[in-house]
Every structure is written in C-alpha cells, then in structure tokens.
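Asker: One structure, as structure tokens, below. Some questions next.
None of the figures in this text is laboratory data; all of them are computed from the coordinates on show. Because the structure is predicted, anything quoted here is derived from the model rather than measured. When we count neighbours, we look across all protein chains shown, and the Cβ atoms used for this are built from the backbone with ideal geometry, even at glycine.
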Amino acid sequence: MSARHGTAAWLVRQCRGLLAPLAAATAFGVLNAATGVVVLLAAAGALLAVLGGGSPVPALIAIVAASLVKAGARYLEQYLGHRVAFSALARLRVLFFRALTPQSPAIAASARSGELSGIATRDIDRVEVFFAHTLPPAVIAVVVPLGAVAGTALALSPLLALPLLIAWLLVVAVIPWLGARRTAADTAALAERTGALAQRLGEQLQGAREIQAAGAEDAEAGRLASLADSAADSDRAIAARRAIRGAGVEAVQLSGHLAVVALGIAAGIDGASVFLALAVSLGVARPSRAVDGFAADLSASLAAAARLRTAMERPPAVTDARPEAAREHADTPIPTRTPTQTRERAPLVTVDGASLVLDGRPILDAVAWELPRGGRHAVVGASGSGKSSLLALLLRVYDPATGRILLDGEDLRELPLAGLRRRIALTGQRPDIFSGTLREALRLRSPDADDEALLAALRVAVLDDWLASQPQGLDTPIRQGGRTLSGGQRQRLALARSVVEAPELLVLDESTGQLDDATETELRRRLQRWAEAESVTVLEVTHRIERVLDADGVLVLDAGRVVEHGDPAVLAAGDGPFARLLSRRMG
C-alpha cells in the first residue's frame, strides 16, 4: 500500500463513526447528478416534441419533477457532506490533543509550537476536502457517467455511447493523474514551507520588542520574504499543472461533444437520437470534470493528513503502564492527610541512582536522594546543573535511563500518570494561563472546586486584596496568557491553582522570581502555614539560595551530580558547594 493510500485509510479509521452519513451524502450526490442529466434529456425531449408538432407538456412536467428532486438531493448532499466534514475536523482536533497529551511536556523540547498550532488549525482544516470534496465526487464521477453511457448504448445507439466512454476515461482516469507524483511532492513541500513560514512569523510576533530593540526589522523581514517566496514557488508549480490539466479536460470534453454529433451524422443515426446523446454528453461533463478538481485538492489534503498522522503517532517520552487505572484514579479524590499520618510514612520521594540521557548526552548521573515527607525543601545549583532535569524525572516527563524514582515506595513507572500528576503539582516561572474567567483559571486542576476553596487559595497566594478590587470577583475575565495580569500576578495565580487541589507534593520552580520582597515574604509565610495545615510537602527549585536558608533540607547539584545535601543553615556555615554558591550569590 502506498503512503497516500495508507494515509487515506488512516483518516477513514479515525472517523469510522461518520461513514454512514458520508454514504448517505454520496447517495444523494449521485441522485443530484443523475437528475441533472434527466433535466437536460427532458429539455431536449421538449424541444424535439415542439419541432415534431407534438406536446411538450410531459417533458416539461418531467423537467419540473426532476428539478425538485435535484434541489432536494443537492441540499441533502451538501448538508450531510459538510456535516460529516466538520464533525471529522472536530473529532480530529480532539484526537490530536489527546495524542499530544502523553507527549507533553517533553514534546515542547523537540517540536515547534508554531508547527503544532499549524497542524491543529491549517492542516486539519485541509482534511475537510477529503471528506466533503473527495469521496462523494469520486463515486459520483464513476456511477453517473457509466450509468449514462450504458443507458445511451441501450436506449439510443452503442456507437453514440462510444465517444462518451472514451471522453470519460480520459477525463477521469488519465488527465487528473498526469504529473500526480510531482504534484504530491510539491504539495508536501508547500505544506512544510507554509509551516516554516507560520513558525517564523509567530516567533517574530512574540519577539517583536527584541527585534525592534536590535534594529533587526529589515533582516527579519528579509527572512520572512525568503520563506514566503519559497512557499509561493511550490504554489505556482501546483497551480500551473492544475491549469494545464484543466485545459486538457475542457478540450477532451468539447471533442467528445463534437464526436457524438459527427459519429451520429456519419453513421446515419436519426437526428433525435443524436440530439439526446448530445444532451447526455453535456449532462455528464460536470460530474466527470470534478475528478480533476478533487485530485489536485486531494494531494494537499493527504499531505496535511500525513503531517497530522506523524505528529499524533510520535511515540511519547513515557508510557502509562495502567491507562485504565489512570482514568479510575482521575475520578478518585485525593485522601485527606493528617500531620501524624504523613510524618510516619517518610520518605515521600526516593531518587535511587537515577540517570538521564537526552539525545545521547548525559544530563543526570546516578542521582541518589531522599525527600522527607512534610516541610519545605529545596534543590539548588548553578545554571545547567540539572535542577530542571531532576524535576522532569520527578514529574515523569522522562523516565530515568538507569535507576528509579519512588513515590511512597512505588516506582513512578508503575503509577497511573493521571494519578501521579494529581499528587504532584508544579508551579513554574512562566506559567500558562488560559483565557476565560478567574474562576475557570483556578479550576484547571480541580473543576469541581467550590468558590470557598477558590477564595481560600487566592488568600494563600496573596491575591485576596487584588480580588477585592475587581468588580466582577471570580468572574473577572482573564485574557489568553494572562496578559491582563502582571508577571507576579500570573505566578501567584498559578500557585493558587495548585493550592486549590492541595497535592501531596507542591513543586515551586523559580515561581516567585517576579515578586517584590514584601509580597514574596508574605507569600512564603502564608504558603508555609497552608502547607502545614494540609500536610503538603513543598519542594522549591531556585537559584536564589538566600531564600532557602530556612528550609528543612537542601540538595545541591552540579553537572548532573549530587555534590551536597543537608540542613542549609549547617551547609552555609561550612566551606562546601552550598556555601560557595551562597558566597557568590551574596558577593
């Protein structure tokens, strides 16, 4: 099976539930095209009746009846066809999101956001052609013309049917596929180049300030123009071949019409039969001609579908050993924890000789560490020391190449992913805030949380005074990316989002870097009080070492290895790695 056939079969499998309405749309399309031929035949019959001195009334009645049937069939064909197409688009977008979820957030390191956005929007939109403008026209272009050829041969003359058959074969089976491989290659190149153009434009819009500050507007405009020209070259090549094929189709069909008349006259066939055969030839021209149109669009549709399939079938960085258990766990509330229960079950996390290798490059080397349950702990180190990589293992963004990580004594690889990520909450330096209301933003992790829990979380995050100044309260609109909020407010909103759920482990990854000293101090005070009350263990990852001197424990990383751990106050008084980091930070 060719790659194109495989892609088409894959699309049908993804949307198999839509095959019944698609078949109905195709049937109505056949009826629509067939009644179009009947209308022309009836019109020809009416004209012949008038010329022969007969009554055109029966033919006129047939025209009216066929036109009414054609109108209804046309409506149902379009309605069902586009309903199938748009339902398929919606389904594919949901499937795309679900396929990306297991790949996240590791996928962010290997795939471009602009590329993924383009697949989710532009490429999936192009797939609409496959369902609405490919399968039904293909069936119609075969069934109706062949039926008309057979009817002409039986009712009029096999000789008159011969030009119809030859023209149909050329228009349907030959011309649309001339240069098909080159067109498919150009279409795939166009999709790639358009994706690169969209990616570059997105990067330029996001970095507009930096571009302007560097005076690089002309250089960036030149890069964008180069990408646009490259995409336009592919587009022009596709359009040129399509125009040539279109001219060929028109020439063949016109020749077919003339051949019907010429053969009929040369063979001495009666004029009425020739006239009716010409009407049939004109009637089947349009459904036959549709093949060339959808053949060109099909290449673009299948190229887009191939990109979609590649993204969806990319293997995830980690696999869920128990997906069914994950779904069950997702509906199970996290049990209430008391300080007594939690202190008796230490450690919470055990890192047992874990190593991480990415793209053949060692990132972490045999890290061994225990995170006690309860209290506030920290991971520190210079930039590139492996802090974020250790978090990636803890959150199962990646699995360790060697060693293991245990949560409550269980290997993370044996835990349902959904359950794991409900037990561990991460608040990062640049949190993602989705558009909607404040209430919706806070309920991202806990959709059933009541307003009282949301208000309590905002108090912990020192956002209660800000909330009091908002006339709409929890219904305050939040723009995409939290652009209506300051950087510090976004960080605190993300923290409040995690507080709502009260996970077992709250990870703070440089999550207070945009706060002023007074706000940060108050936030730490409230967070500690909340964590103690809810028996939540807090793990802070930071380069601001002076902020963790009062932590219960600290882990120091350097070049992917553990170089020191213990009480930060004790370590600060010594002359080890922690003390040197602190000295450089304070000096």
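Asker: Among Ser301, Ser226, Ser234, what is the fewest-to-most ranking by other Cβ atoms within 10 Å?
Answerer: Values: Ser301 26, Ser226 12, Ser234 19.
Fewest-to-most Cβ neighbours within 10 Å comes out as Ser226, Ser234, Ser301.
Asker: Gap in Å between the Cα centre of the range 376-437 and the Cα centre of the range 126-196?
Answerer: What the calculation gives is 54 Å, centre to centre.
Asker: Angle check, please: helix 19-51 long axis (alpha carbons) against the longest principal axis of the chain (alpha carbons), in degrees 0 to 90, nearest 10.
Answerer: 20
Asker: Okay, moving on. Taking a ≥ b ≥ c as the square roots of the Cα gyration tensor eigenvalues, with a/c under 1.5 meaning rounded and otherwise prolate when a/b beats b/c, else oblate, which class fits the range 13-312? Walk me through the numbers on the way to the answer.
Answerer: On the way: a/c = 3.19, a/b = 2.20, b/c = 1.45.
Because a/c hits 1.5 or more and a/b exceeds b/c, the range 13-312 counts as prolate.
Asker: Net charge near Glu77, counting Lys/Arg +1 and Asp/Glu -1 over other residues with Cβ under 13 Å of its Cβ? If you can, show how the numbers build up before the last one.
Answerer: Working: positive: Lys70, Arg74, Arg83; negative: none.
Net of charged neighbours comes to +3.
Asker: Something else now. Whats the longest run of the chain with zero GluC sites (Glu not before Pro) that are DSSP loop and have at most 15 other Cβ atoms within 10 Å?
Answerer: Values: sites that count: Glu313, Glu344.
So the longest stretch without any such site is 1-312.
Asker: Let me ask something else. Sorted from largest down, what three extents in whole angstroms do the Cα atoms of the chain have along their principal axes?
Answerer: Each principal axis gives a Cα extent; for the chain these are 115, 48, 45 Å.
Asker: With the Cα gyration tensor of the range 440-559 giving a ≥ b ≥ c as the square roots of its eigenvalues, does the rule (a/c under 1.5 for rounded; else a/b larger than b/c for prolate; else oblate) give rounded, prolate or oblate? Before the final figure, lay out each step's value.
Answerer: On the way: a/c = 1.90, a/b = 1.54, b/c = 1.23.
The shape class here is prolate.
Asker: Report Rg (one decimal) and Dmax (nearest whole number) for the range 382-521, counting Cα atoms only, units Å.
Answerer: Here Rg and the maximum Cα pair distance are 16.3, 54 Å.
Asker: What fraction, in whole percent, of alpha-carbon pairs in the range 1-61 exceed 14 Å separation? Please list the in-between numbers first.
Answerer: Working: 1299 of 1830 pairs.
Counting every Cα pair in the range 1-61, those more than 14 Å apart make up 71 percent.
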